[in-house]
Ligand code: H76
């Protein structure tokens, strides 16, 4: 009996998970259910604003708020979580006595005298970032702009000045597009609730919270009209998910208020509680926002959608953590590899920075930004405005493509110095020329039919100079040419 029970439970679990997976697949039109609050669009957004988004390639995320003051530690104790979540540290798990009260009063000492938005923006520009996502309000509810709907804002700190404005102005001046991060979770608002409110007074309070959220969003779009989009977070609470009708209206209102506004898939749920993809498997919002600290490895996993990947430099710390000593810190090489993986599959890659309580970007992050920038100055052509190359991923690294140029960013240099590019015999365009992106020097390119009859490929051998070596990835540009289309290789197929 016990055993049977066990089997049926695991069968339930298995099929539960299985059907959930199935739901994520886009349903054929005929099998779709009618949704009132599902996706608003079929297929990609093709307007100029979205095209601009698609071409960014590389972005910067900044997590900043009062959590930067404790930086993951307080009174010699260490919070065992992401530093920006430190307010939720419980005494049960080692928080100092009265921790939440302490945290809720930290804003009174928030005085980032070293904050220099222009220096941040210059650093982002030097790194090669085309857009920035900035935390206007994280889960703690602290607003980095002087919101008129709450007192828990920058205005009531010793610093007083509107930080969001300084950031927007500085990044605008550098030509870096600004996106406003906004957390739906708000631990400071009395009406906020994670679970579905049950008592009438809680429901009423939640109505207040909804209005407050709407007001703040309109306020942000009003105060910072140059912001290109909103990057939502903390939208997974049962209470918020239940608000499908209302959040659907709100999304429409925000889009009408600011035509061209870009919003990802992490804002709202449909009437069945489906997030990111509605119950018919159709993407909700303008791009998939589900790749947080993870990357797809195949184009199928992206379902052909636009998407961004947001990535921390330590394993999982977004806000400032004063102690990185026991964490693996991603190297510029690691981050460039992830950048190219994202770009090769039509994604933008966004690297997070967590400035400290004084407003300084830590030297380790500064060095990483600098080194990525040095690499980008030579190689960014392989990153900006590129798309998936519609070729299998090569062992050497990643392909990206723009117009008639195929970029091969090499991470694995072959021991014989010959990079062998496979291309279908039937391909419309064939390689006609290969050269280093860094110095434009031509590389020997020879095509072969190597006699692998069944794979229907031609092979293009690109020879690297004998004396060439590099400790960073390098880019080979392969010009594709229609005229070379008839190329069948130097050696003819045997007649069969
Ligand atoms: C969970 C969670 C949040 N999402 C990331 C983008 C960080 O803001 C993290 O705190």
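Throughout, read-outs are computed from the coordinates displayed, never taken from laboratory work. Please read all numbers here as calculations on a predicted model, not as lab measurements. Because the Cβ atoms are built from the backbone with ideal geometry, glycine has one as well, and the counts that use them run over all protein chains shown.
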- Assuming R0 = 35 Å, what is the FRET efficiency of residue 30 and residue 299, from their Cβ-Cβ distance, to the nearest 0.05? 0.85
- Message: Run the numbers for residue 226 and residue 456: contour at 0.36 nm per residue of separation, minus the present Cα-Cα distance, in nm.
- Response: 77.7 nm
- By the gyration tensor of its Cα atoms, with a ≥ b ≥ c the square roots of the eigenvalues, what is the shape of the range 278-397: rounded for a/c under 1.5, prolate for a/b over b/c, or oblate? oblate
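Provide the packing ranking of 36-47, 101-112, i.e. peptides ordered by the mean count of other C-beta atoms within 10 Å per residue, highest first.
101-112, 36-47
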- Using a Förster distance of 22 angstrom, determine the FRET efficiency expected from the C-beta separation of residue 172 and residue 470, and round it to 0.05. 0.05
- Under 1.5 on a/c is rounded, so check that first for the range 140-196, then, if it is not, pick prolate when a/b is larger than b/c and oblate when it is not; a ≥ b ≥ c are the square roots of the alpha carbon gyration tensor eigenvalues. oblate
- Query: log₁₀ I(q)/I(0) of the range 153-292 at q = 0.09, 0.12, 0.22 Å⁻¹, via Debye over equal Cα point scatterers, no solvent, to two decimals?
  - Reply: -0.30, -0.53, -1.44
- Query: Using the alpha-carbon centroid of each, what span in Å lies between the range 114-173 and the range 349-420?
  - Reply: 27 Å
- Message: Ranking request for peptides 325-336, 369-380: highest mean number of other beta-carbon atoms within 10 Å first, then the rest in descending order.
- Response: 369-380, 325-336
- Restricted to the chain, the DSSP antiparallel beta bridge percent, nearest 5, is 55 percent
- By its C-alpha gyration tensor, with a ≥ b ≥ c as the square roots of the eigenvalues, how is the chain shaped: rounded for a/c under 1.5, else prolate for a/b larger than b/c, else oblate? prolate
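Could you give the semi-axes, largest first, of the ellipsoid that matches the range 319-464, computed as the square roots of 5 times the alpha carbon gyration tensor eigenvalues and rounded to whole Å?
Computed over the range 319-464, the values are 37, 15, 14 Å.
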- Note on the structure: Quarter of the surface of the C-alpha convex hull for the range 197-244, i.e. direction-averaged projected area in nm², equals 3.8 nm²
- Message: Multiplying the sequence separation of residue 405 and residue 316 by 0.36 nm and subtracting their Cα-Cα distance, what value in nm do you get?
- Response: 28.4 nm
- Message: For the range 399-444, report the % of Cα-Cα distances exceeding 14 Å.
- Response: 61 percent
- Item | Translational diffusion of the range 31-102, µm² s⁻¹ [Kirkwood Rh, Cα pairs; Stokes-Einstein; 25 °C; 0.890 mPa s] | 147 µm²/s
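Which order do the peptides 437-447, 70-80, 123-133 come out in when sorted by mean C-beta neighbours inside 10 angstrom, highest first?
Highest to lowest by the protection proxy: 123-133, 70-80, 437-447.
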- Message: Quick check on the chain: helices-only [θ] at 222 nm, where DSSP H runs of length 4 and up contribute -39,500 (n - 2.57) each and the sum goes over total residues. Nearest 500, please.
- Response: -8500 deg cm²/dmol
- Task: Measure out, as a whole number of angstrom, how far apart the alpha-carbon centroids of the range 80-97 and the range 221-243 sit.
- Result: 26 Å
